[in-house]
Structures are given as C-alpha cells and as structure tokens.
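> First, the structure itself, so that you have it in front of you.
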Amino acid sequence: MDKPVRRRLSPDARKLEILEAAERLLQARGLQVRVEDVVREAGAAKGTFFHYFPTWDDLLETIRDRLVSEFDAAHPLPSEVAGPVDWPTVIDQQAAAFVDFAAARQGIGQVLFHSDFAERRPTGDHAIVRLAAVIRAGQEADAFGPVDPEPTARLLYAAIDEAARAVAGGAERDPMVAALQTLLRRTLART
C-alpha cells in the first residue's frame with residue numbers, strides 16, 4: 001500500500017491549512033470534531049497540529065479570534081471625524097450584519113461561543129463591548145436616550161444572538177431582523 005505523498009508547505013501555509021480544515025469541520029459537525037478529524041482533513045500529521053496548537057483550546061481560540069476579526073473588518077464602526085453619524089442606522093446595520101454572520105456559522109459558533117470552551121476561555125465579551133461603544137457614541141451624539149451602556153448592551157446582545165439562532169433554525173430572516181431593529185430602537189430611543 002502506497003503512502004500518500006506529503007506536500008511541502010511553508011509553516012504559515014501549513015498552519016492556515018489546519019485552521020481552515022478545522023473551521024470547515026466545526027461548521028459541519030460542531031462539537032463532534034476531534035484533532036484526528038482535523039489532521040485527516042488537512043492532510044497533516046498529528047505532531048504538526050500540536051506544533052502550531054499545543055492544545056485543542058489554542059486552536060479554538062485562534063479560530064474564534066479569526067472570526068471576530070473577520071466580522072470587525074467586514075463591518076467597521078464609523079467615526080464622526082468625517083461628519084455626523086446616524087447612530088440608530090448604525091446599530092440597525094450592525095445587528096442585521098451580526099444576525100447574518102452568526103446564522104451562517106451556527107455550527108462553529110456553538111463550539112466557539114456557547115460551549116464549555118467558551119467558559120474555559122472567555123472572549124472578553126467583545127460583541128458586548130462593541131455594542132456598548134456604539135451606544136455610548138450614540139448618546140454622545142444625542143441620538144440615544146440615557147441608558148446604562150454596559151448592561152443594556154448585554155441584554156440587547158442576548159436578543160441579537162437569539163435572533164441569529166432563530167434564523168439559523170429556520171425563522172424568516174426579514175421579519176426577525178425587523179422585530180430586532182424595532183426592539184433596539186425602542187430600547188435606545190431618547191425619551
């Protein structure tokens with residue numbers, strides 16, 4: 001029986017190959033994925049995996065950081081340096097973008113954000129911090145009412161996350177996003 005031919009890759013390319021294989025498998029199979037599955041999918045040796053990722057959690061943390069960076073790059077927050085910002089529209093757009101982004105990645109999202117891994121290696125509440133920053137900026141621009149940004153962001157994020165799960169589970173996207181945006185606007189409205 002012939003052994004498969006090993007391809008020579010640069011260290012960065014090999015690491016990326018392992019990451020992308022893990023992302024594909026986690027999206028498709030969620031918590032069922034193991035190191036053996038990833039190395040088989042990537043065509044890499046188990047030792048190579050552990051060279052780049054000393055633990056399974058190190059791999060998951062790297063993937064989570066990549067996803068967060070991907071969202072942030074695709075949906076940057078505006079600055080009032082170039083002129084006034086319509087903060088209610090920004091929060092509507094950010095919420096809809098998150099619903100779409102998360103609904104399309106429920107398999108991997110469950111592993112990275114809603115499993116025991118997320119408890120062992122918390123994210124630092126990046127999404128909540130980002131949402132609180134939008135609320136604060138909107139308040140400074142007199143576009144939002146006097147709510148406490150941090151707890152309000154935490155509660156609104158729960159609604160946004162639930163909307164993404166509902167859409168991933170088969171709920172119609174447009175009515176779900178419209179209801180979510182109504183909730184956001186009413187919660188943040190100036191009184």
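> Contour minus end-to-end for Ala82 and Ala158, with contour as 0.36 nm per residue of separation and end-to-end as the Cα-Cα distance?
On the way: separation 76, 0.36 × 76 = 27.36 nm, distance 3.16 nm.
Full-extension gain reported as 24.2 nm.
> While we're looking at this one, here's another question. Taking every pair of Cα atoms in region 148-191, average 1/r, invert it to obtain the Kirkwood radius, and report Rg/Rh to two decimals. Walk me through the numbers before you get to the answer.
Values: Rg = 11.3 Å, Rh = 11.0 Å.
That ratio equals 1.03.
> If you average the C-alpha positions of region 36-61 and of region 118-191 separately, how far apart do those two centres end up, in angstrom?
Here the answer is 35 Å between Cα centres.
> Based on the Cβ-Cβ distance from Phe101 to Glu140, what FRET efficiency comes out when R0 is 35 Å, to the nearest 0.05? Spell out each step's value before the answer.
Working: r = 27 Å, r/R0 = 0.76.
Efficiency, from the Cβ-Cβ distance: 0.85.
> Also, quick follow-up: For Thr191 and Glu41, compute 0.36 nm times the residue count separating them, minus their Cα-Cα distance, and round to one decimal in nm. Don't jump to the answer; show the numbers that get you there.
Values: separation 150, 0.36 × 150 = 54.00 nm, distance 5.52 nm.
Gain on stretching Thr191 to Glu41: 48.5 nm.
> Taking a 1.4 Å probe, which of Lys46, Lys15 shows the most accessible area, and what order do the others take after it?
Values: Lys46 95, Lys15 70 Å².
I get Lys46, Lys15, largest accessible area first.
> Now a separate question. Using a/c under 1.5 as the rounded threshold, could you call region 24-104 rounded, prolate or oblate? The axes a ≥ b ≥ c are square roots of the C-alpha gyration tensor eigenvalues, and prolate needs a/b larger than b/c, oblate otherwise. Intermediate results must be reported in sequence, preceding the final value.
On the way: a/c = 4.46, a/b = 2.52, b/c = 1.77.
In terms of gyration-tensor shape, prolate.
> What list of ³J(HN,Hα) values in whole Hz, one per residue of region 176-191 in order, does the Karplus curve 6.51 cos²θ - 1.76 cosθ + 1.60 (θ = phi - 60°) give from phi, with Gly and Pro shown as x?
After applying 6.51 cos²θ - 1.76 cosθ + 1.60, I find 5, 5, 4, 5, 4, 5, 5, 4, 4, 4, 5, 5, 9, 4, 6, 9 Hz.
> Residue by residue, what Karplus-based ³J(HN,Hα) values in Hz, rounded to whole numbers, does region 161-175 have, using 6.51, -1.76 and 1.60 with θ = phi - 60° and x for Gly and Pro?
Rounded to whole hertz, the list is 4, 5, 4, 5, 5, 5, 5, 4, x, x, 5, 5, 4, 4, x.
> Quick one: work out Rg over Rh on the C-alpha atoms of region 66-154, Rh as Kirkwood radius.
Details: Rg = 14.3 Å, Rh = 14.3 Å.
Rounded to two decimals, Rg over Rh is 1.00.
> Here is a further query. Report, in degrees rounded to the nearest 10, the 0 to 90 angle that the Cα long axis of helix 11-29 makes with the longest principal axis of the chain.
Helix 11-29 and the main axis of the chain meet at about 70 degrees.
> Which value, in nm² and rounded to one decimal, describes the direction-averaged projected area of the C-alpha convex hull of region 117-161? It would help to have the intermediate numbers written out before the result.
Working: hull surface 13.2 nm².
Average projection, Cα convex hull of region 117-161: 3.3 nm².
> With only alpha-carbon atoms counted, please give the Rg and Dmax of the chain, in Å.
Considering the chain through its Cα atoms, Rg and Dmax are 19.9, 75 Å.
> Here's a follow-up. Taking Rh as the Kirkwood radius computed over C-alpha pairs, what is the Stokes-Einstein D of region 53-92 at 20 °C in a medium of viscosity 1.002 mPa s, expressed in µm² per second?
Details: Rh = 12.5 Å.
D, rounded to a whole number, is 172 µm²/s.
> Would you calculate a helix-derived [θ] at 222 nm for the chain, using -39,500 (n - 2.57) for each DSSP H run of n ≥ 4 and dividing by the full residue count, to the nearest 500? All intermediate terms of the calculation are to be shown ahead of the outcome.
Details: 10 runs with 134 residues, N = 191.
Here the helix-only value at 222 nm equals -22500 deg cm²/dmol.
The values are calculated or read from the model by the stated rules, or taken from the named source; none is laboratory data. Since the structure is predicted, the reported quantities are computational estimates derived from the model, not experimental observations. Cβ: placed from backbone, ideal geometry, glycine included. Neighbour counts: every protein chain shown. Heads up: the accessible areas ignore ligands, DNA and RNA and are worked out on the full protein's heavy atoms, side chains in. Shrake-Rupley method; radii C 1.70, N 1.55, O 1.52, S 1.80 Å.
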